[in-house]
Amino acid sequence: MPSALPPALPNRHLTTLTLDVDFASVVAIGATAAGHRGIAPVRGGRFEGERLSGTVAPGHDWFVSRTDGALAIDVRLTLTTDDGATLYLAYQGTMRAAPEAMARFRKGERLATEDYKLHVVARFECGDPRYAWLNDMIVVGIGEQTLAGPIYRLFEIG
């Protein structure tokens with residue numbers, strides 16, 4: 001007899017990632033086969049959690065405004081924990097909203113959190129043995145847009 005599935009997906013808050021994005025310096029690549037592509041510089045930021053806290057080094061957010069209206073993101077960052085370990089963080093995801101809300105967002109307007117969904121799947125890599133537990137972790141996140149940049153709450157699954 002198969003075992004019963006848990007009533008909900010087990011998860012645990014890992015960290016909250018707050019990014020400072022330089023929206024004024026976005027590099028517009030233009031219309032491509034995938035959609036309108038651009039690159040947003042991440043100036044830095046901070047991540048805070050019970051087991052994982054530190055600072056974010058400058059990096060980039062590669063994004064595509066797809067023809068279906070969604071915004072696809074692909075971000076790669078270097079993190080430094082408060083105790084000196086260096087981590088690699090990569091995450092991909094989408095921001096989805098009604099067409100009129102996405103049009104306002106593309107003009108620089110901040111949307112109410114109930115007007116969009118921002119979801120990501122993240123992957124950590126680290127060579128420091130203190131943080132080796134991150135290397136095989138499955139991480140998902142939900143995000144919120146602010147005028148300074150996104151804030152993601154990242155959760156360990158399992």
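The values are calculated or read from the model by the stated rules, or taken from the named source; none is laboratory data. Given the structure is predicted, the values throughout are model-derived calculations rather than measurements. Cβ coordinates were reconstructed from backbone atoms using ideal geometry, including for glycine residues, and neighbour counts include every protein chain displayed.
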Inset, instruction - Go through segment 117-139 and give me each residue that's touching a residue at least 40 places away in the same chain (Cβ under 8 Å) and closer than 19 Å to N11 by Cα. - result: V120, Y131, L134, M137, V139
Legend entry - Complete set of residues in segment 142-158 that are under 22 Å from P7 (Cβ atoms), surrounded by 15 or more Cβ atoms within 10 Å (Cβ to Cβ) and out of contact with any His (no Cβ under 7 Å at 6 or more places or on another chain): E156
Inset, instruction - Name the single residue, out of those in segment 86-108 being outside any strand (DSSP E or B) and touching a strand residue (DSSP E or B) at 6+ places or on another chain (Cβ under 8 Å), that is modelled with the lowest pLDDT. - result: R106
Legend entry - Residue under evaluation I157, criteria (1) in contact with a Leu (Cβ under 8 Å, 6 or more places away or on another chain); (2) within 21 Å of F63 (Cα to Cα); (3) among the aliphatic types (A, V, I, L, M), criterion not met: (2)
Inset, instruction - Answer yes if at least one residue in segment 50-64 is among the hydroxyl-bearing types (S, T, Y), part of a loop (DSSP other than H, G, I, E, B) and within 19 Å of E156 (Cα to Cα), and no otherwise. - result: yes
Legend entry - Residue selected from segment 1-46 under the condition part of a strand (DSSP E or B) and small (G, A, S), by the criterion nearest to P58 (Cα to Cα): G44
Legend entry - Those residues of segment 109-152 which are assigned to a loop (DSSP other than H, G, I, E, B) and of a type in the set (A, V, I, L, M), in sequence order: L111, A112, M137, L147, A148
Inset, instruction - Name the one entry in D68, D82 that is surrounded by fewer than 16 Cβ atoms within 10 Å (Cβ to Cβ) and touching a residue at least 24 places away in the same chain (Cβ under 8 Å). - result: D82
Inset, instruction - With the condition kept exactly as written, say whether any residue in segment 72-80 is part of a strand (DSSP E or B) and out of contact with any strand residue (DSSP E or B) (no Cβ under 6 Å at 6 or more places or on another chain). - result: yes
